[in-house]
Amino acid sequence: MLDYYGVEADLSEEERMIQESAREFVDEKVRPDIGEHWIEGTFPKKLIPKMGEMGFYAPNLEGYDSPNVSEKAYGLLMQELEACDSGLRSMASVQGALVMYPIHAYGSEEQKDHWLPKLGSGDAVGCFGLTEPEHGSNPTAMETRAEDADEGYILNGSKTWITNSPIADVAVVWARDKTDPDTPVRGFLVETDRDGVSTNKIDEKLSLRASITGQIGLNDVYVPEENLLPGVEGMGGPLGCLTQARYGIAWGAVGAARDSFETARQYATDREQFGGPIARFQLQQDKFAEMATQITLAQLLAHRLADLKERGDMRPQHVSMAKRNNVRMARNQSRIAREILGGNGITADYSPMRHMANLETVYTYEGTHDIHTLILGEDLTGISAYE
Ligand code: TGC
Ligand code: FAD
């Protein structure tokens, strides 16, 4: 496995163990039929509780039966999951960073006791509703409204492009006060079996096919006061969750690129043309040299990001730089890997083209590449380009 600078020699025992067990799990339980799921547009749902048993959902959180692993161990886990498929990493990212994290960080003790154990074990599935049909890159302009009602709230609005909404038991929904749109955004835990909730599936995606995506319709949905996340007000709430998920993506993208590289390396040493393996041609070796360099740079960025996060020095802008760079890198390098596989590379028998198609989504969600460019631009110049 590519680790050109031997970074993994410095992993702790726990980090190594998590990496190895995730790799084994993926090789035995997911890799054999992930291509088929991708073609069919299905997620292997039977894996959801198994992934819980393996401790794949937010194992970096403290308490509530969580193993509280290091940030690097969490990153390595995301890397191994995405080395299989971005849809698999999405499952863990949403459940852990976008649903368990806000409950852990902003929830009441009752909400934590009720939801964290069952989300952690995969007995319940969560989703995160921020994006709306008319507000993607600019969620601050959201139209979903919460109106005071008898000891609770009435929610109205719609969210779209929501990973796992059609199979979710609970949605973290972000909304503004109906009567005063200047009031801060609040987060609500909405059980999907409440009257007025609909979760239609989005079909015919050409990317992230082994992941279920849908909408959330909220039509006069009543939620009691105790479903409000009490610990946060304003856009810092949802954006704080995105920082956690983007951190996992910065690591995951390295996995998708590494898997594409390893598949191409194996193929190029096996495949013979003009009387020998295609790996002997300088044109192919140039591609391997460049791929390995780009993957190594992204891997070093991810490891450094983990160190910053572990010691509390990581800023959201650090995460933007790593998400932006590493996903672009993986998107470009998976394409080069596909090229090395010739005609066979366009089939589902090999992973690079599946990664390449998935990475179109990863490049777009959790803040598009352009949005992360603007976040960095603002940080570096002090001038915001999106106001
Ligand atoms: P701005 O005025 O800059 O900030 C508002 C408040 O939020 C704080 N903040 C953050 N906090 C934590 N982490 C971050 N990344 C933060 N960014 C900002 C900020 O300090 C401020 O706090 P306060 O206390 O001063 O009020 O916010 P803005 O509204 O101008 O934001 C601009 C912008 C464009 C950066 C933001 O809207 C953005 O990031 N847009 C991209 C939208 C996005 O990423 N959507 C993702 C949806 S979820 C998803 O895609 C899941 S995919 C799941 C999967 O399958 O893996
Ligand atoms: P838009 O915001 O309309 O952007 C369109 C284009 O314009 C992009 O290229 C963008 O970079 C560019 N652009 C926008 N603003 C600017 C600007 N100021 N300057 C320069 N260029 C700009 N969301 C959730 O809330 N929860 C989920 O679980 C979730 N899962 C998803 C799963 C999938 C498969 C997909 C595809 C998306 C998911 N999303 C989710 C939504 C995702 O976060 C949004 O698609 C993303 O934030 C971009 O929003 P948009 O698609 O509306 O594009």
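The values are calculated or read from the model by the stated rules, or taken from the named source; none is laboratory data. Keep in mind the model is a prediction, meaning the values are calculated, not measured. Neighbour counts run over all protein chains shown; Cβ positions are idealised from the backbone, glycine included.
Structure notes:
- Qualifying residue in segment 197-206 (condition: under 23 Å from GLU387 (Cα atoms) and away from ligand 2 (no atom under 12 Å from the Cβ)): no
- Sole residue being crowded, with 20+ Cβ neighbours inside 10 Å, away from ligand 1 (no atom under 14 Å from the Cβ) and outside the structural domain of LEU77 (by TED's automatic domain parsing), chosen from THR263, THR296, THR269, THR243: THR263
- Condition check for THR163: assigned by TED's automatic domain parsing to the domain that holds GLU134, surrounded by 22 or more Cβ atoms within 10 Å (Cβ to Cβ) and hydroxyl-bearing (Ser, Thr, Tyr): yes
- For GLU272, the conditions (1) more than 16 Å from ligand 2 (Cβ to nearest atom); (2) under 24 Å from the mean Cα position of the chain (by Cα) are fulfilled apart from (2).
- Test: residue in segment 46-53 that is outside any helix (DSSP H, G or I) and surrounded by 19 or more Cβ atoms within 10 Å (Cβ to Cβ): no
- Filter pass, GLU110 being touching a strand residue (DSSP E or B) at 6+ places or on another chain (Cβ under 7 Å), of a type in the set (D, E, K, R) and in contact (Cβ under 8 Å) with a residue 12 or more places away in the chain: no
- The condition of being more than 15 Å from ligand 2 (Cβ to nearest atom) and within 30 Å of ILE39 (Cβ to Cβ) does not hold for SER165.
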